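This report concerns only the one structure given below.
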Amino acid sequence: GAGVSQSPSNKVTEKGKDVELRCDPISGHTALYWYRQSLGQGLEFLIYFQGNSAPDKSGLPSDRFSAERTGESVSTLTIQRTQQEDSAVYLCASGMGTGARSYGYTFGSGTRLTVV
Amino acid sequence: SQKIEQNSEALNIQEGKTATLTCNYTNYSPAYLQWYRQDPGRGPVFLLLIRENEKEKRKERLKVTFDTTLKQSLFHITASQPADSATYLCALLPSGGSYIPTFGRGTSLIVHP
């Protein structure tokens, strides 16, 4: 597609449930990032993919968080046993490989997750 | 630890004036500095990039400067318009093996007609 697509756009879940967030990057973009943005806060890095590999998972806040990417395309971020502090907007960004830092990254509109 | 600072207070200016936003950093030696615009309910949109060996970049009404001695980047919007009202984020990227952009919290710009 022309842009980065994220689904769902909004998700309300009960505490303790698992959720899956999906990201469809721009075709051909090998770099893919997940960030989280809480109200009034900056973007918190979660995980970086280059192709289907995740060389940097250092931002995942706990082992309840995991992510995968297949076919150098779609990525799924899974949060198990959700907690209220997981409520935030989850943003996905993609870029043209390692050179993307010279060209900028394209973000999706995010998934707003609310844990009640 | 690495720190990126952007003014947390909103910048209010009158239409037609030049808006200047600041990005300061400490304990960081970025090779690249990017600026993004974020509107409510949307993801950030890339605007401009400047490299460590560049002093200034321009794109239409936008200008970015990068002073590695002061550890500061300034982002200017000339002839500002109400449509420029948004939050502006800076992002720093290191040279070498890390490809993770680190973002500031952003500064809200409000342009009054």
Exposed trypsin sites (Lys or Arg not before Pro) absent: longest stretch of chain A, with sites in DSSP loops and at most 15 other Cβ within 10 Å deemed exposed:
A:18-56
Given R₀ = 30 Å, what would the calculated FRET efficiency be for B:ASP67 paired with A:LYS57, taking r from the Cβ atoms and rounding to 0.05?
0.35
In region A:5-115, taking the dipole from +1 charges on Lys and Arg beta carbons and -1 charges on Asp and Glu beta carbons about the Cα centre, the listed residue (A:GLN80, A:SER58, A:GLN37) farthest towards the positive end is A:GLN37
Given a Förster distance of 45 angstrom, what is the FRET efficiency for B:TYR28 paired with A:SER5, based on the Cβ-Cβ distance and rounded to 0.05?
0.90
Quick check on chain B: take the gyration tensor over C-alpha atoms, sort the square-rooted eigenvalues as a ≥ b ≥ c, and tell me if it's rounded (a/c under 1.5), prolate or oblate.
prolate
How much accessible area is lost when chains A and B come together, counting both sides, with a 1.4 Å probe, in Å² rounded to the nearest 100?
1800 Å²
Placing unit charges on C-beta atoms (Lys and Arg positive, Asp and Glu negative, everything else neutral), compute the dipole magnitude of chain B about its Cα centre in debye, rounded to 20.
160 debye
Projected area averaged over all directions for the convex hull of the alpha carbon atoms of the protein assembly as shown, nm², comes out at 12.6 nm²
Taking only Cα atoms of chain A, what ratio of Rg to Rh do you get with Rh as the Kirkwood inverse-distance radius?
0.95
GNM result for chain A, Cα springs below 10 Å: residue of A:GLN41, A:GLN83, A:GLN50 fluctuating most strongly
A:GLN41
Charge dipole magnitude, Cβ of K and R +1, D and E -1 - chain A, Cα centre, debye nearest 20
120 debye
Residues of region B:66-113 losing 50 Å² or more of accessible surface, assembly versus chain alone, probe 1.4 Å, please list them.
B:TYR99, B:ILE100, B:PHE103, B:ARG105
In range of the label at B:ALA79: residues from region B:30-62 whose backbone nitrogen is under 11 Å from the point 7 Å along Cα→Cβ:
B:60-62
Give me the percent of the accessible area of region B:3-112 that comes from carbon and sulfur atoms, probe 1.4 Å, all protein chains in place.
46 percent
Just counting partner chain Cβ atoms within 10 Å, what average do the residues of peptide A:95-105 show around their Cβ?
5
Quick one: length gained pulling A:LYS15 to A:THR78 fully straight, 0.36 nm per residue minus the C-alpha distance?
21.3 nm
Selection from B:ASN7, B:THR69, B:ILE110, by position along the positive dipole direction of region B:3-112 (Cβ):
B:THR69
Taking the dipole about the Cα centre of region A:5-115, with the C-beta of Lys and Arg at +1 and of Asp and Glu at -1, give me whichever of A:LEU21, A:LEU113, A:ALA100 is farthest to the positive side.
A:LEU113
Per residue, how large is the accessible surface of region A:1-104? Use a 1.4 angstrom probe and give square angstrom.
47 Å²
Which residue fluctuates the most in chain B, going by a Gaussian network model with Cα springs under 10 Å, if the choices are B:LEU49, B:LEU70, B:LEU11?
B:LEU70
Taking the Cβ of B:LEU48 as the center, what net charge do the other residues with Cβ under 12 Å away carry, scoring Lys and Arg +1 and Asp and Glu -1?
+4
Highest-MSF residue in chain B out of B:GLY97, B:GLY43, B:GLY16 [GNM, Cα springs under 10 Å]:
B:GLY97
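The values are calculated or read from the model by the stated rules, or taken from the named source; none is laboratory data. Only a predicted model underlies this, so the values are computations on that prediction, with no experimental measurement involved. In this analysis, Cβ positions are derived from the backbone assuming ideal geometry, glycine residues included, and neighbour counts consider all displayed protein chains. SASA here: full protein model, heavy atoms, side chains in, ligands and nucleic acids out. Shrake-Rupley method; radii C 1.70, N 1.55, O 1.52, S 1.80 Å.
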